[in-house]
Amino acid sequence: EGSASRPASYVFASPVRLEGQTVGVLAVMVSLAVVEQAWALSKDPIIAIDSDGQILVSNVASWRGLSVSEVETDADLRLVIEDGSPSNFVQLANRRPRSSRLELGKPLTVLGWNVVIFADTTEARRQSARAMVIALLLCVIVGGVLWAMLNRREEQVRRSRRNQAASLRLERRVRSRTTELRRANAQLEQEVRDRQQAESDLRQAQAELVQAAKLATLGKMSAALSHEYNQPLAAIKSDAEIAEMLIARGTPGKAAANLGRIGGMVDRMAEIARTLKGFSRRAGTDIKPVSLRQVIDEALLLLMPQIKQNGVELKTSLPQDDIIVRGGKIRLEQVVMNLVSNALDAVRSASEPRIELTLERTGSHAVITVSDNGGGIDAEVLPQIFDPFFTTKDVGLGLGLGLSIAYKIVHDFSGTLAAENDEAGGARFVMRIPMQDAQTLAAE
Ligand code: ADP
């Protein structure tokens with residue numbers, strides 16, 4: 001039996017009998033101090049209770065020898081024996097709802113004891129709580145990571161879907177642009193073809209026009225020539241017939257006038273031929289210093305009979321000293337004669353026919369002006385009067401070559417020929433030719 005101050009001892013006793021009579025008792029006392037020392041290493045209370053509920057051995061010294069019901073440990077623990085059977089139930093009644101102690105009991109049947117250890121579960125609970133917190137944390141972390149991964153995966157899927165959609169859109173746009181471009185290209189090609197076609201059409205039309213113009217010129221020329229020649233030919237024919245008749249009648253003297261007219265007609269035809277020759281002659285073969293005074297004098301000398309015949313007043317104004325230009329004398333005379341004879345034609349119907357011819361110098365040019373008081377040149381024919389075969393004169397009176405030849409001659413001598421209408425009515429032709437300078441003149 002132990003007490004608070006002394007550990008218990010276990011006594012094994014056996015009676016010593018001699019001839020049926022008990023003579024003594026053999027007792028062996030085993031101290032339980034060794035057991036208690038071993039138990040003392042545990043920080044949890046351990047008790048061994050007998051069948052009466054008495055604590056025999058304990059590592060809590062104050063409990064030793066007490067009955068289980070008497071043990072009043074601390075605020076938390078109270079040992080109770082339930083339903084009066086301590087061998088089975090030693091319980092730690094907890095005054096708090098949650099007990100921090102776990103009773104583990106093991107009956108020692110040989111001794112009729114019960115060994116109970118009150119294991120402190122606080123640490124285990126704390127550890128389990130810690131483990132739970134850690135597990136929770138781990139769960140949270142893993143969950144978070146999973147969530148983030150899921151999110152990322154979803155974002156990737158969304159992005160790739162977006163990219164796919166964008167690339168699809170782009171592809172569609174490229175396709176539509178390509179068709180558009182192809183269409184535009186085809187259109188351009190068609191346009192180029194059309195333009196080439198138009199160009200070749202134009203060239204064709206141009207060639208046709210040139211041909212037509214040539215034919216028209218030729219037609220005009222042949223019409224003018226046939227009229228020019230037919231008129232004297234008809235006159236020659238009738239004169240020849242009359243002369244023949246007069247000779248047959250025995251009055252040949254009367255035929256002389258007819259024969260003379262025939263000679264005149266032939267001269268006229270020869271003149272026409274000469275004009276045509278002048279038109280086709282190559283120019284610029286003989287260019288020499290020419291005196292314009294001389295040119296004018298000789299031209300007027302040749303035209304004087306006509307001027308007088310028509311009662312035309314001719315007014316000339318020439319400079320004191322001569323003006324020399326480079327050109328051909330005969331051709332320049334031809335120009336002056338043509339201008340004056342056109343003026344004569346123009347003043348034919350005028351009441352006081354007048355022609356004015358002036359020669360002057362302006363700067364480095366000699367200027368010859370021929371003006372008349374005729375009807376002037378109609379505005380619509382003005383641009384055409386230098387064209388070959390352009391004439392407003394009646395058939396047989398003009399070939400339309402005079403002015404075109406004159407224009408060509410003046411240009412051959414680096415000059416210009418222009419026509420305009422006088423303010424007082426009538427036409428004015430102005431011819432400008434560069435003057436021969438003194439040095440070149442002296443050298444020649
Ligand atoms: P042609 O005298 O044979 O008609 P020209 O080439 O000399 O040929 O003249 C062309 C045309 O210019 C004339 O038919 C005429 O209509 C016009 N013309 C020329 N000189 C004059 C002028 N002094 N006044 C008015 N018209 C003129």
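The values are calculated or read from the model by the stated rules, or taken from the named source; none is laboratory data. Everything quoted here is computed from the prediction, not taken from an experiment. Ideal geometry is used to build each Cβ from the backbone, glycine not excepted, and the neighbour counts take in all protein chains shown. Keep in mind that these areas ignore ligands, DNA and RNA; they rest on the heavy atoms of the full protein, side chains included. Shrake-Rupley method; radii C 1.70, N 1.55, O 1.52, S 1.80 Å.
One residue stands out in the range 323-333 among those that are open to solvent by less than 60 Å² (accessible area, probe 1.4 Å) and touching a helix residue (DSSP H, G or I) at 6+ places or on another chain (Cβ under 7 Å): the one that is farthest from the ligand (Cβ to nearest atom), namely Ile324.
Flag: Leu102 matches the condition of being under 18 Å from Asp44 (Cα atoms), aliphatic (A, V, I, L, M), at pLDDT below 75 and open to solvent by 80 Å² or more (accessible area, probe 1.4 Å).
This table checks each residue for (1) of a type outside the set (S, T, N, Q); (2) at pLDDT below 80; (3) exposed (fewer than 11 other Cβ atoms within 10 Å of the Cβ).
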position: Leu79; (1), (2), (3): yes, yes, no
position: Gln91; (1), (2), (3): no, yes, no
position: Asn94; (1), (2), (3): no, yes, no
position: Pro97; (1), (2), (3): yes, yes, yes
position: Pro107; (1), (2), (3): yes, no, no
position: Trp113; (1), (2), (3): yes, no, no
position: Arg125; (1), (2), (3): yes, no, no
position: Glu154; (1), (2), (3): yes, no, yes
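All of (1) among the charged types (D, E, K, R); (2) modelled with pLDDT of 80 or more; (3) farther than 30 Å from Thr358 by Cβ hold for Lys220 with one exception: (2).
If you go through the range 343-353 and keep only what is closer than 9 Å to Gly374 by Cβ and either assigned to a loop (DSSP other than H, G, I, E, B) or open to solvent by 20 Å² or more (accessible area, probe 1.4 Å) (or both), you end up with Asp345, Ala346, Val347, Arg348, Ser349, Ala350, Pro353.
Which members of the range 283-317 meet the condition of being part of a helix (DSSP H, G or I) and touching a Leu at 6+ places or on another chain (Cβ under 7 Å)?
Of everything in the range 283-317, those that are part of a helix (DSSP H, G or I) and touching a Leu at 6+ places or on another chain (Cβ under 7 Å) turn out to be Leu292, Arg293, Val295, Ile296, Gln306, Ile307.
For the range 403-429, enumerate the residues that are surrounded by 16 or more Cβ atoms within 10 Å (Cβ to Cβ) and away from the ligand (no atom under 12 Å from the Cβ).
Across the range 403-429, the qualifying residues are Ile409, Val410, Asp412, Phe413, Gly415.
Residues in the range 289-317 that are open to solvent by less than 60 Å² (accessible area, probe 1.4 Å) and among the hydroxyl-bearing types (Ser, Thr, Tyr): Ser291, Ser317.
Find the residue count for the range 382-413, including only residues that are part of a loop (DSSP other than H, G, I, E, B) and touching a residue at least 24 places away in the same chain (Cβ under 8 Å).
Kept after step one, since they are part of a loop (DSSP other than H, G, I, E, B), are these residues of the range 382-413: 385-401, 413.
The next check asks that each one be touching a residue at least 24 places away in the same chain (Cβ under 8 Å); those that pass are 385-386, 388-389, 391, 393, 395-401, 413.
Total meeting the criteria: 14.
Close contacts from the range 209-231, counting a first residue that is farther than 13 Å from Phe390 by Cα and a second that is surrounded by 12 or more Cβ atoms within 10 Å (Cβ to Cβ) and modelled with pLDDT under 70, with Cβ to Cβ under 6 Å and a gap of 6+ residues or different chains, come to His227/Val395; His227/Gly396; Gln231/Gly396. Just wondering, is there one or more residues in the range 46-62 that are of a type in the set (A, V, I, L, M) and over 18 Å from Leu111 (Cβ atoms)? There is at least one residue in the range 46-62 that is of a type in the set (A, V, I, L, M) and over 18 Å from Leu111 (Cβ atoms).
Is one or more of the residues making up the range 362-377 open to solvent by 40 Å² or more (accessible area, probe 1.4 Å), without any contact (Cβ under 8 Å) to a residue 24 or more places away in the chain, within 10 Å of the ligand (Cβ to nearest atom) and not hydrophobic (A, V, I, L, M, F, W, C)? Looking through the range 362-377, none of the residues is open to solvent by 40 Å² or more (accessible area, probe 1.4 Å), without any contact (Cβ under 8 Å) to a residue 24 or more places away in the chain, within 10 Å of the ligand (Cβ to nearest atom) and not hydrophobic (A, V, I, L, M, F, W, C). Can you say whether Leu215 is within 26 Å of Thr392 (Cβ to Cβ) and at pLDDT 80 or above, as far as the supplied structure shows? The answer is no for Leu215. Considering every residue within the range 394-402, establish whether at least one is modelled with pLDDT of 90 or more and within 8 Å of the ligand (Cβ to nearest atom). No.
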